[in-house]
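Input: a single structure, listed below in C-alpha cells.
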Amino acid sequence: MKIELTYPDYKDPAFKPMVEQTEYLLGVLYADKEHRLDMDLTRDIGSEIDPYGTGSQHFWRGVVDTGGYIAVEGAGRYEYPQFELKGGYRFLRKFLDFCEETLAPRSLGSQFKWDADGKLEFQAMGNFISLGGGRAQEVVRLLYVGAVISRDTFRQRANRIVQWLPKR
C-alpha cells in the first residue's frame, strides 16, 4: 500500500503548521504495524518515507507518538528517560540515519558518528531500538521541543524527559 498526503501550497499563510501537520500524519500512518514492522525484503521503505533524505522531526514524532514509547522510569532511587521504537531493520535504519544527521554534529561536536560503537545498529538488526538516559533525552528533545502537534500524553512525558537532569 502506498501512502500519499497532499502538502499545502507554499503561498498559504499557514504553510509551516500545515507542513508539520502533514508530516506528522504521514508518521502516524507509517507507525502502523503493516509498515513499521514490515519484513518484505523487496520493499524499500526508506525511499517510501523520504527518497531524498531521512524524514523530518515531525514525521518521526508521529511515528513515536503512535508506535513508540517514551517515559521516565525509576531505577532504584533515581529515574531515567526511556525511549523505545520497534520496527523492521530498514525502517529503524532510516530513523538512525535521521538521528545521525541531526544529532551527531550537535551532541559530539566532531566528525564521529552518533552510533560510533554500533550498539544501535545491532539493536536495529533485532528489530528494536532502546535508549536510556542522556541519549533518550537527546532524541526526545529533538522530536518534541518547538513542535506544535503531538499527543498530549506524549507531550507531558516529553516535557518531563527534557527537564531531566543526569545524576551527579
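Rule-based calculations on the coordinates, nothing more; no lab input. Treat the numbers as computed from the prediction; the structure is a model and nothing was measured. Cβ placement follows ideal geometry from the backbone for every residue including glycine, while neighbour counts extend to all protein chains displayed.
Only helices enter the 222 nm calculation for the chain: every DSSP H run of n ≥ 4 contributes -39,500 (n - 2.57), and dividing by all residues gives -15000 deg cm²/dmol, rounded to 500. Applying the criteria of a DSSP loop state and at most 15 other Cβ atoms within 10 Å to the chymotrypsin sites (Phe, Trp or Tyr not before Pro) of the range 1-58 yields Tyr10, Tyr52. Among the trypsin sites (Lys or Arg not before Pro) in the range 10-76, those placed in a DSSP loop whose Cβ has at most 16 other Cβ atoms within 10 Å are Lys11, Arg43.
Look at the dipole of the chain built from charges on Cβ: of Tyr89, Asn127, Gly146, the Cα furthest out on the positive end belongs to Gly146. For Cα pairs less than 8 Å apart in space and 6+ apart in sequence, what is the mean separation divided by the residue count of the range 16-168, i.e. the relative contact order in percent? Dividing the mean separation by the residue count of the range 16-168 yields 27 percent. The packing ranking of peptides 137-144, 95-102, 149-156, highest mean first, is 137-144, 95-102, 149-156, where packing means the average number of other beta carbon atoms within 10 angstrom of each residue. For the range 1-106, averaging the sequence separation of C-alpha pairs within contact (under 8 Å, six or more residues apart) and dividing by the residue count gives a relative contact order of 27 percent. Extension gain, Asp44 to Thr153, is 36.0 nm, computed as 0.36 nm per intervening residue step minus the present C-alpha separation. Placing +1 on the Cβ of every Lys and Arg and -1 on the Cβ of every Asp and Glu, with no other charges, gives the range 15-162 a dipole of roughly 440 debye about its Cα centre. Label sites at Tyr89 and Glu34, each approximated as a point 7 angstrom past Cα along Cα to Cβ, lie 2.5 nm apart. Which of the following values of volume of the Cα convex hull per residue in Å³ was calculated from the structure shown: [x] 244; [y] 137; [z] 201? Of the labelled values, this structure produces [y].
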